[in-house]
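Bear in mind that the values in this text are calculations on the coordinates, not laboratory data. Source: prediction; values computed, not measured. Cβ atoms come from the backbone with ideal geometry, glycine included; neighbour counts cover every protein chain shown.
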Amino acid sequence: MRIGELLAPAGSKASAIAAINAGANAIYLGGKKFGARAFAENFGDNDIDELIRFAHLRGVSVYVTINTIIYDDEFDDLLSYADFLVAHDIDAIIVQDLGVLDVFLHRYPNTPIHASTQMNVHLPAQAKKLAELGVKRIILARETSIDTIKEIRQTTDIELEVFVHGAVCVSYSGNCLWSALVSGRSGNRGECAQLCRLPYTLLKDDVPVTDEAYLMSPKDLMTLERLGELAEAGVAAFKIEGRMRKPEYVAQTVKSYRKALDALAGLTEIDFRKEIDLLKRVFNRDYTQGYLFNTAPNDINNPHRPNHMGIEVGTVTAFLRGKATVKLIEMLEVNDGIRFVGSTDSGDVVSRILSGDKLVTRAFAGETIQLDSAEIIEVGAKVMKTLDHALATELSVYDDESFKRIGIAGTVIAKVGSPLRLVVRDEAGRLAEAETAFPIPPATNRPVGTKEIEDQIAKLGNTPFFWTELRIDADGKGFIPVKAINETRRMAIEKLTEQRVAPRREPKIVAIDDIPAGFRPKPFALVAKVRTEEQLQTAWAMGVKTIAYEEILRFDPSAYPGVRLIPERLRIRPAGVPIDPAREAYASELSALDHPFLADLFMNVANLRTVHFLGRHGAGSVTLSAELSQDRIKALGDGYLARYGEKPALEIVAYGYQDLMISKYCPIAKTFQTNVGCTLCARNQYKLKDRMGYEFPLVNDGNCNIRVLNSRALNLIDFIEFFKTSGISVARLDFTIEDADETRSVIAAFQKAILKQAYVVDRRKSTYGRFVK
């Protein structure tokens, strides 16, 4: 069984060094822009250059993330940055944006391009399409099961990367607009506000059926004990999440997963119970195996806490005058971080421990101690250790650049009449040698012995190397100046270093020709997309000529003559559910490429290059991202015409309760402890209510994935004339939870706006979304 690559997060230099020292085969990081962790420390260009050299010297690969959607006015900076990465021997670039993917695959033919998990690849057909395009590796959606991974492996030879540990997005990645549309911070731009980690109340027909809880907050992924199954399924890279985490978290997770992979290879043994305990101490929100091993979707959620839980160390048995009496089940030390968890929470750092009438620096399981607290702590509260000071201190050595050294073997030949020569060999068999510029002369007084030569050659100083073997072949008759011995050693080590950091590939950059995609001009039109037959009947009766319908809707097409009916394919298509590729449909997933289709909203189209890419690969029209502002849409349409000499066929969602996310996890099923397919959501109207009182409707996608809708409907009716002059050929009205009267009212208003007649909109119930900033 082939053991794949262990890939670690590097949100800072200290974390990068910790990952390398702890045993990562590769690290992934972001620059100051264009990465999906905008609030991590990240790296400047000089930092990246230095880190690539540091990593390559130690045999570790470096991948850089450009895994966000990109706007047109950013492309010049983006290409300069990517050119820099390629010139400095980056091992791969991780990409989300389809336009960026297209440009990079053509511009950098020698640089591996990896498809981000933000592309939401979860089916064999999607993986096969990316392989055909030239993508080297796919980071699979976290919802992908091990059975599907095996199917993908049988379908294509593309490398498969899987998240094995860390935070989990509750939404299918790349399909979440919650943060962008509600807080203005885009997850697709690396700025996620993590609104899923906030408390919500579940409403059933407007009546609360839960207390306020963290209903959408996932546990952390942990698969330490099941890496062997993933390796057998064909996983090439085991990825740890955590670019926002501290270096000690990175060090411990890499250490534990390195040990597990080495155990699979027969190189060591592992005590899983011990390693999981260590992992919990550095960070956990409770653990789940996610969807990899067909875990019930309900298991993914932790409704109690959205942040670090720590480990339980004791229980409060009394509280009096600012002192909590605690019965310990685990050792506690001064400087540990703790949290008292009862009906309320309070946290602190342990400043002193009172055992009886003595102050101690540590106390052990079974002891009863007293801890200071400025807050009143209830009896029965659990005491959780959230910072293990001793473990953090132990792990801190891993972010020392000199911690891990590289073993090398050397042979010194020192004989009179020949130059002093040193040959060095590393673990990969690379050879480097150096010799003096002069032959060794006979000694006139005291000759230089073997021990003196060895003492000088052994001094590797601040280099990252250590001798595993050093053999001296000397006749003991010559005189060699100490300076010459040292210089020979220095030259040999420098030569070996340069071999180890030598470019791994030619940094090739190719110019790209701009050719038209072949879009056909279309007159401006109104399209209604419906979810229910009641909405379909209403749209047809109102004279809408093109009606899109969600694929799950069942009806008799012959009942609606004179209208063009277009299905909208499931965004999350179950494995094995067939697609008719010859039938034109709205689609948001990659297997639609190179067939007739209409590029849908969650293709996340934010720039003209993505429009061009989709047009070349079969899209008859392209729906623009909900994250684009009015100014950016205007610039995109004008820029496309100027660059490619043709008008694009663009669509915009002008009305609808926008999808904030789609999730395999269902808070309704979780609340009522039902199984997949319970159909509760079809019988009643459920909503999530946030702390501000906003209510977010929940609807099923037809395949037991839950869609969270915005609390207010997008309504861009005021901008119809702008659409007509900005390259937009279709204004789409997306109906989801509207009844017949609401559907009729919206369609009538838009029909009037198109005719430049007066219309009425209740702005208290609608929003401009990101269109107006």
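Data overview
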| item | result |
| --- | --- |
| The stretch 647-702-the stretch 129-172 distance, computed between alpha-carbon centres (Å) | 25 |
| Loop-located chymotrypsin sites (Phe, Trp or Tyr not before Pro) in the stretch 175-241 whose Cβ has at most 10 other Cβ within 10 Å (DSSP) | none |
| Loop-located GluC sites (Glu not before Pro) in the stretch 129-220, at most 16 other Cβ atoms within 10 Å (DSSP) | 212 |
| Low-density loop cleavage sites - trypsin sites (Lys or Arg not before Pro) in the stretch 431-486, where at most 16 other Cβ are within 10 Å (DSSP) | 459, 477 |
| The chain, relative contact order in percent, only Cα pairs under 8 angstrom and at least six apart counted | 13 |
| Where labels lie 7 Å past Cα in the beta-carbon direction, separation of residue 643 and residue 564 in nm | 2.6 |
| Distance violations [Cα-Cα > 25 Å] among 327/385; 689/752; 32/647; 128/255; 150/239 | 689/752; 32/647; 128/255 |
| 0 to 90° range, to nearest 10: angle between helix 482-500 axis and the chain longest Cα axis | 20 |
| Distance (nanometres) between label positions extended 7 Å along Cα→Cβ at residue 533 and residue 722 | 3.9 |
| The stretch 437-520: mean projected area of Cα convex hull, nm² | 10.5 |
| Evaluated at q = 0.06, 0.09, 0.10 Å⁻¹: base-10 log I(q)/I(0), Debye formula over Cα of the chain | -0.46, -0.92, -1.08 |
| Per-selection metrics, the stretch 705-755 (Cα): Rg and Dmax in Å | 12.7, 39 |
| Computed over the stretch 406-500: relative contact order in percent, which uses C-alpha pairs under 8 Å that are six or more apart | 39 |
| Percent of beta bridges antiparallel (DSSP, the chain, rounded to nearest 5) | 50 |
| Structure-based [θ]222 nm, the chain - -39500 (n - 2.57) summed over DSSP H runs of at least 4, per residue, nearest 500 | -7500 deg cm²/dmol |
| Rounded if a/c under 1.5, otherwise prolate or oblate - the stretch 267-307, Cα gyration tensor axes | oblate |
| Within straight-line cross-link reach of residue 529, lysines at Cα separation under 16 Å, skipping those fewer than 8 residues along the same chain | 545 |
| Helix axis angle, 13-22 relative to the chain longest principal axis, alpha carbon, degrees | 60 |
| Straight-distance crosslink candidates among lysines, where the alpha carbon sits under 20 Å from residue 477 and sequence neighbours closer than 8 are dropped | 415, 451 |
| Inter-probe distance in nm under a simple model that places probes 7 Å from Cα toward Cβ, at residue 751 and residue 304 | 5.7 |
| HN-Hα J in Hz across the stretch 147-157 - Karplus 6.51, -1.76, 1.60, θ = phi - 60°, x for Gly and Pro | 5, 5, 4, 4, 5, 4, 4, 6, 7, 8, 8 |
| Volume of the Cα convex hull of the stretch 451-577, divided per residue and given in Å³ | 300 |
| FRET E, pair residue 430, residue 450, Förster distance 25 Å, beta-carbon r, rounded to 0.05 | 0.45 |
